[in-house]
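The structure appears right after this line, and notes come after that.
The values are calculated or read from the model by the stated rules, or taken from the named source; none is laboratory data. Treat the numbers as computed from the prediction; the structure is a model and nothing was measured. Please note: Cβ atoms are built from the backbone with ideal geometry, for glycine as well, and neighbour counts cover all protein chains shown. What goes into the accessible areas is simple: the full protein's heavy atoms, side chains included, and nothing from ligands, DNA or RNA. Shrake-Rupley method; radii C 1.70, N 1.55, O 1.52, S 1.80 Å.
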Amino acid sequence: MKLKNHQESHLRVFSTLTSLILFIVFFLYPQETLAHVKWFVSSELQPPETFVPYSFDEPMVRAWIGIAVFLILTSIFLDSRLPSLPIVDSKTRHDVIEIVRILTGMSLLLTAYDGKLIAPHLAAQDSIGMFFVFLEAVIGLMLIANRFLFIAAILLLVLLVGVLIQFNPISALEYINVTGIALFILFNNMPTEASKERFKPYSVAALRIFTGISLVTLGLSEKIIGASLGQEFLRVHQWNFMQAMGLDFFTDRLFVLSAGMMEVVFGTILILGTVTRLNTLVLSLFLLASNLVFLYVGMKEAALMELVGHMPIIASALILIVLGYGQRLKIPNIFKKTNDAKPAEVNG
């Protein structure tokens with residue numbers, strides 16, 4: 001009886017804290033973060049003369065740094081107190097991995113058909129670029145057909161090198177989540193059972209960490225350091241719903257800062273490996289909302305672009321929600337002795 005009451009007490013605390021965190025996140029996490037700004041605004045846009053970059057001396061910047069640190073520390077505090085979810089059965093694991101393979105393959109194939117590399121705004125240049133577009137299409141077909149997955153994963157890593165060659169290191173970092181997907185597929189399809197047994201436990205953690213790095217980079221490049229792009233997005237799409245709620249002090253400049261900081265927070269939490277399922281669930285809800293907003297305002301082409309571009313992210317989210325987050329590379333575990341750490345979660 002005491003054990004049952006103790007468990008119920010923990011669940012009530014968990015429910016209250018979760019509700020509080022979700023409320024904070026939904027209130028502070030502007031919907032502009034849902035959209036990849038560079039998909040809809042040219043990265044070559046020159047900032048207007050009135051544009052003022054963010055400075056650490058600004059109170060709102062300091063306030064957001066404080067909020068970010070609070071949310072990250074809260075995720076660490078909650079992580080050891082959340083109830084452990086049961087591991088899904090083998091059939092569900094298999095089905096989720098199949099969905100990941102198909103969604104990633106479809107995204108690559110459709111993006112290649114449009115002459116782009118990985119992302120809707122990365123148009124291939126010259127004959128080298130077209131080679132990588134052809135490679136992208138081949139990888140997509142291999143993933144959809146469920147053939148030569150080990151080779152497809154290696155080629156996917158080569159494709160990201162192609163993005164680096166064609167564009168710049170920032171573009172490669174923005175979509176380095178593709179590396180996580182490639183490693184997930186690679187580690188789950190090693191050529192020998194011994195190598196698979198060795199690397200498979202790290203597959204989910206690799207997916208989680210590289211997805212987090214991608215989110216942090218996007219938050220910085222599109223909305224904090226590249227704040228002019230985010231503000232131009234708002235000028236065109238007018239998604240600053242805070243002012244519509246009567247909060248006139250919530251300028252577009254503050255809105256973009258809020259979006260960028262929250263994207264950095266969510267990415268950092270993924271990298272740390274704390275409250276991963278809750279973190280990913282909230283991100284997934286916003287990904288869904290992003291498409292719904294575009295459909296609501298009648299921008300069907302933009303909604304389709306979002307859907308195709310987000311397919312790999314949706315695939316990653318499915319893995320992190322259903323399969324876990326890879327305990328072996330989870331930051332809190334580096335402070336534990338090896339024999340005290342929790343066993344790695346099943347990674348497929």
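With R₀ fixed at 45 Å, the C-beta to C-beta distance from PHE249 to PHE131 puts the FRET efficiency at about 0.30.
Tell me, what % of the accessible area of the stretch 94-137 is carbon and sulfur with a 1.4 angstrom probe?
Values: 1490 of 2060 Å².
Answer for the stretch 94-137: carbon and sulfur cover 72 percent of the accessible area.
Taken over the alpha carbons of the stretch 121-224 as equal point scatterers, the Debye sum produces base-10 log I(q)/I(0) values at 0.21, 0.24 Å⁻¹ of -1.11, -1.24. Ranked by the mean number of other Cβ atoms within 10 Å of their residues, highest first, the peptides 258-267, 222-231, 119-128 come out as 258-267, 222-231, 119-128. Give a quick list of trypsin sites (Lys or Arg not before Pro) in the stretch 71-158 that DSSP marks as loop, anything other than H, G, I, E or B, with at most 11 other Cβ atoms within 10 Å. Those satisfying the criteria are ARG81, ARG147.
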